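Just so it is clear, none of the values below were taken in a lab; they were calculated from the coordinates. Fair warning: this is a prediction, and the values are worked out from it, not measured in the lab. Cβ: placed from backbone, ideal geometry, glycine included. Neighbour counts: every protein chain shown.
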Amino acid sequence: MTDQAGAAGFTEPSAQRLTTRETAERLGVKPETVYAYVSRGQLTSNRAPGGRGSTFDAAEVDALARRTGRREPTAAAGALSFPTGITLIGSDQYFFRGVDATELARRHTYEEVAEWLWTGELRPGMRFTAPAETLAAARRAVGALPAHCGATDRLRVAVVAAAAADPLRFDLSREAVLGGARSLIPTLAAALPTVAGEASEAAARPGLARQLWPKLTGRPADEASLAVLDTALGLLIDHDLAASTLAARVAASARAHPYAVVSAGLGVLEGPLHGAASGLAHRMLTEVLERGGAAPVVADHLRSGRRVPGLGHRLYAGEDPRARTLFALLAEVPRAAPALAAARDVVATTTRHTPLHANVDLALAVLSVSSGMAVEAGETVFAISRTAGWIAHALEEYGERPLRMRPSGQYTGPRPPQPLPSGHAPGSQ
């Protein structure tokens, strides 16, 4: 579930500091030009904490931007970069609309976090419900799939069925999109087969985490475990321009309806480098528990040239803040103790040679292993949670110029003009 996005530094708004990259984007220049401004006395730089790069005063940067005339942000070679007001990833922390995302997810339900991401308003007690007709269509479609299909297959089919059941899906007005999102997300959870039978599902009280729990495991839900699942859903809603989110924004840029936007995100999520990472960590933790320690398992991974799953993140030098938050909650769940100890053993064993820290995939694996969930449970949690993030980015993109993401290919084929190819039709002599 490793996300891909640009890292950025952040401090309190009263003394906001920008990284060199952020400063360059605000000014519409290259990073080298930022340091040219410093040498000319037009900007003041301070050393970043830990000595990694420089930081700049946001007010001073904005003043320079006003003097020079702010332009569109420049992207790194081969990368897309554009303004977004949804998520900011900082130094070992991240923020939803300026609010610490880990605190938001710990203190509020998934539905409340989603509403904050969509509207910038907190709506306590918010609950999403699936319309009966839409849910019936999604369940019929999912039920027709072969038994061997995975959860992501089922979610993709459920999205298509929900779209077909919504004749107003092409209405891209803000209220229509939000209304559809509030019904689509619980439809996705409810359309999945129940592990423990329908009786377990019927006993679940309102709230997406409670709806989703019996789809992931046959074990009864306790409040502490539900709190972990609900927090995980809130933490995973968005992570800036991860690969699946970029695909969702491209679809929205082409004015695809919200269901198609979610389908685009799910298509990318199914890739092994994005959505399947927590499953690899699940298998690893299971093996650690079976073998009684992390050392032989880590050694097997290294010997075969495989990376140890659940460790390291390109955006965080230290521990993934999402993992840190979930580990703290998992420590309050007695049955999670063995899997949590196994995860800590993996980190300690690996860091003897490489300074890697736990990421959210390892924390999701602790939840899934300790709760008797299937290997793909983390991927399911990620996909349903991130649906709200894709909708947030779609809303933002619908307000932009359509089809603005149109990069140019760098042609590397034969130089024209080439002779017309000759060949024989099939069966000719």
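Report Rg(Cα)/(2.2 N^0.38 Å) for the stretch 137-293, keeping two decimals.
Numbers: Rg = 16.9 Å, N = 157, 2.2 N^0.38 = 15.0 Å.
Output field value: 1.13.
Cα centroid distance between the stretch 320-379 and the stretch 209-242, in Å?
15 Å
For the pair A136 and E290, how long in nm is the line joining their label points, each one 7 Å along Cα→Cβ?
Each label point lies 7 Å from its Cα, and together they span 4.5 nm.
Per-residue ellipticity at 222 nm for the chain, helices alone: DSSP H runs ≥ 4 residues times -39500 (n - 2.57), over residue total, nearest 500 deg cm²/dmol?
-16000 deg cm²/dmol
What's the percent breakdown of Cα-Cα distances in the stretch 277-370 across 5 Å bins, shortest bin first?
So the P(r) values, bin by bin, are 3, 16, 27, 29, 18, 7, 1, 0.
Show the residues, 5+ positions off or on another chain, whose built amide H is closer than 5 Å to the amide H of A317.
D92
Which FRET efficiency value, to the nearest 0.05, is calculated for D300 and L420 with the Förster distance at 45 angstrom and r the Cβ-Cβ distance? Working shown, then result.
Details: r = 56 Å, r/R0 = 1.24.
Plugging the Cβ-Cβ distance into 1/(1 + (r/R0)^6) gives 0.20.
What are the extents of the Cα atoms of the chain along their three principal axes, listed from largest to smallest and rounded to whole Å?
The Cα atoms of the chain stretch 70, 66, 57 Å along their principal axes.
Specify the residue with the greatest mean-square fluctuation among E376, E25, E175, computed from a Gaussian network of the chain linking alpha-carbon atoms under 10 Å apart.
Largest GNM mean-square fluctuation: E175.
Identify, among A164, A339, L266, the residue whose Cα sits farthest towards the positive end of the charge dipole of the chain, taking +1 on the Cβ of Lys and Arg and -1 on the Cβ of Asp and Glu, with the dipole about the Cα centre.
After comparing all options, I get L266.
Return the distance in nm (one decimal) between the two label points of a simple spin-label model at R107 and R335, each offset 7 Å from Cα along Cα→Cβ.
With each label point 7 Å from Cα toward Cβ, the separation is 3.1 nm.
Scattering from the C-alpha atoms of the stretch 312-429 alone, worked out with Debye: what is log10 I(q)/I(0) at q = 0.12, 0.17, 0.20 1/Å?
-0.68, -0.96, -1.14
Test of understanding: what is the full-extension gain from D100 to E32, defined as 0.36 nm times their sequence separation minus their Cα-Cα distance?
Working: separation 68, 0.36 × 68 = 24.48 nm, distance 3.08 nm.
Result for the pair: 21.4 nm of gain on full extension.
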